[in-house]
Amino acid sequence: VHSKLPKVGLTIFSKMSQLANEHNAINLSQGFPDFSCHPKLIELVHQYMLKGSNQYAPMTGVMSLRERIAEKTEMLYTAKYNPETEITITAGATQAIYTAIAAMINEGDEVLIFTPAYDCYEPAVELNGGRSVFVQLNGPEYKIDWDHVKKLINQRTKMVIINTPHNPTGTIFSMQDMQKLEKLLSGTDIIVLSDEVYEHILFDGYEHQSVARFPKLADRSFIVSSFGKTYHTTGWKVGYCLAPKELMVEFRKAHQYTVFSVNTPFQYALADFMNEAEQYLTLGQFYQEKRDFFLEAIKGSRFKFHPAAGTYFQSLSFADISDEKDTDFAIRLTNDFGVASIPISVFYNINHDEKMLRFCFAKSKDTLARAAEILNRI
Ligand code: PMP
Ligand code: GLN
């Protein structure tokens, strides 16, 4: 078979989770909570299933859920999105990202991607005939050199993909970053795809700089988020996309032929839950406690770190411990010591060896304490 994605194999998330299971290791690799979602959410899904909400949802998503999203977006970011024409419910953020790229990217179009980058952007660009152009963020702060970005923009540039809070580094965009992006794109037709799945997980008093806060940017942007991250339900695969009407028309053309619609009872349950509990307002604090607990517990270890500003991932440097490649060290840490993580080099398009591993701290205190105890011995 002629592969359209010859470089792509099984994702690192599946690989490391498999390895963790095989070796009975504590799994801090793939990002998902090891605790349950709110019981009320499960009850609501159950109720809607019993009530008979088990057939196709509208192609664009259940209206009450789109309305709650519109209200939340206006409350938090003072941006108005019309639930009828500018909000679509998707099968997780992954599908929203794929669909936005499929709807917009033509053969030969260039897409700017900041690396390290979450793994689903590049294959989506490639499958649609586009070309990924990578801009490297440099540790330990992983800030963007906007002058460098400017040099990479040309007639073929069709899209810029941003992700804040950022997976895997935990860095966040500042207001100045957003203003620079806005200035850079003004007078061009370049579209922004803004992956904001960790929009509610910021620490130390930082505010999320959603594209929605910047009207001139929002006018050219797809904003993607995920209920998986916000309500501890990564397995439900429900997310959404916001975009101005003209962009959303194109998005929906692709959406209706990729999934058509997303599972119905979960959408109703999420809509009711959003109405009743604004749990997302305290999510930053909830995860900050976990980050702080984990970092406090490993502060005597030989791992070095800059505390993550957002997301539920913490990068740890093992430069003082080993010279191994991060992939080798991650495997050894799983097999021999019993803690699974993700080597940061997999998020780069080039050979990269920063001696850094990503650990997911969306875990119970007990799990984090057990992992820390092992990391302290290394
Ligand atoms: N973007 C980023 C940055 C992510 O970390 C994830 C989840 N790992 C996704 C998108 C995908 O979200 P979902 O599970 O809702 O498809
Ligand atoms: N987003 C999750 C992470 O970064 C993984 C999701 C997946 O397995 N595709 O760990």
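For a quick check: sort I113, I321, I101 by the number of other beta carbons within 10 angstrom, fewest at the front.
Working: I113 22, I321 17, I101 28.
Starting with the residue having the fewest Cβ neighbours, the order is I321, I113, I101.
Using the Kirkwood radius built from alpha carbon pairs, what does the Stokes-Einstein equation give as D for the range 144-185 at 37 °C and 0.692 mPa s, in µm² per second?
290
Only sites in a loop by DSSP and with at most 15 other Cβ atoms within 10 Å count here; which trypsin sites (Lys or Arg not before Pro) in the range 144-185 make the cut?
Passing both the DSSP loop test and the Cβ count: R156.
For the range 43-110, run through the GluC sites (Glu not before Pro) and keep only the ones in DSSP coil with at most 14 other Cβ atoms within 10 Å of their Cβ.
When the GluC sites (Glu not before Pro) of the range 43-110 are filtered for loop state and at most 14 Cβ neighbours within 10 Å, E84, E107 remain.
Could you tell me the relative contact order of the chain? Use alpha-carbon pairs under 8 Å, at least six residues apart, and round to a whole percent.
With pairs under 8 Å counted, the relative contact order is 25 percent.
With both partners inside the chain, how many of the DSSP beta bridges are antiparallel, as a percent to the nearest 5? Mind showing how you got there, number by number?
Values: 18 of 39 bridges.
Bridges in the chain are about 45 percent antiparallel.
Test of understanding: what is the full-extension gain from N349 to D189, defined as 0.36 nm times their sequence separation minus their Cα-Cα distance?
Gain on stretching N349 to D189: 55.0 nm.
State, to one decimal in nm, how far the label point of E141 lies from the label point of E67, with both points 7 Å from Cα in the Cβ direction.
In this crude label model, E141 to E67 measures out at 4.6 nm.
Quick one: length gained pulling F260 to D336 fully straight, 0.36 nm per residue minus the C-alpha distance? Don't skip to the answer; put the middle values down first.
Details: separation 76, 0.36 × 76 = 27.36 nm, distance 4.53 nm.
Using 0.36 nm per residue and subtracting the Cα-Cα distance, I get 22.8 nm.
Once fully extended, how much extra length lies between H38 and H148, figured as 0.36 nm per residue of separation less the alpha-carbon to alpha-carbon distance?
35.2 nm
Per DSSP H run of n ≥ 4, the term is -39500 (n - 2.57); total these for the chain, divide by its residue number, and report the mean residue ellipticity at 222 nm rounded to 500 deg cm²/dmol.
Roughly -11500 deg cm²/dmol at 222 nm, from the helical runs in the chain.
Can you list, bin by bin at 5 Å, the percent of alpha carbon pairs in the range 1-56, starting at 0?
Using 5 Å bins, I get a P(r) of 4, 14, 13, 11, 9, 13, 15, 13, 6, 1 for the range 1-56.
Please compute the modelled spin-label separation between M75 and F293, points set 7 Å along Cα→Cβ, answer in nm with one decimal.
Spacing of the two 7 Å Cα→Cβ label points: 2.6 nm.
Most exposed first by the Cβ proxy, i.e. fewest other Cβ within 10 Å, how do T334, T234, T94 rank?
Neighbour counts put them in this order, fewest first: T234, T94, T334.
What FRET efficiency, computed as 1/(1 + (r/R0)^6) with R0 = 41 Å and r the Cβ-Cβ distance, is obtained for L281 and E107, rounded to the nearest 0.05?
Efficiency for this residue pair is about 0.40.
Order these peptides, 15-25, 185-195, by their mean beta-carbon neighbour count within 10 angstrom, highest first.
185-195, 15-25
Under 14 Å from the Cβ of P39, count the other residues' Cβ atoms, weight Lys and Arg +1, Asp and Glu -1, and hand me the total.
-2
Using a cut-off of 14 Å between beta-carbons, work out the net charge of the residues near A243 (Lys and Arg +1, Asp and Glu -1, A243 not included).
So the surrounding residues net to -1.
Counting every Cα pair in the range 163-244, what percent are over 18 Å apart?
Here the long-distance tail beyond 18 Å is 43 percent of all Cα pairs in the range 163-244.
From the cross-link list K15/K363; K299/K355; K15/K290; K40/K229; K237/K355; K72/K363, which pairs have alpha carbons spaced over 21 Å apart?
K15/K290; K237/K355; K72/K363
Got a sec? How would R252, R377, R332, R358 order by Cβ neighbour count within 10 Å, fewest to most?
R377, R332, R252, R358
Values quoted throughout were computed directly from the atomic coordinates according to the rules given, and no laboratory measurement underlies them. Note that the structure is a prediction, hence the values are computed from the model and not measured. FYI the Cβ positions are ideal-geometry reconstructions off the backbone, even for glycines, and counts take in every protein chain you see.
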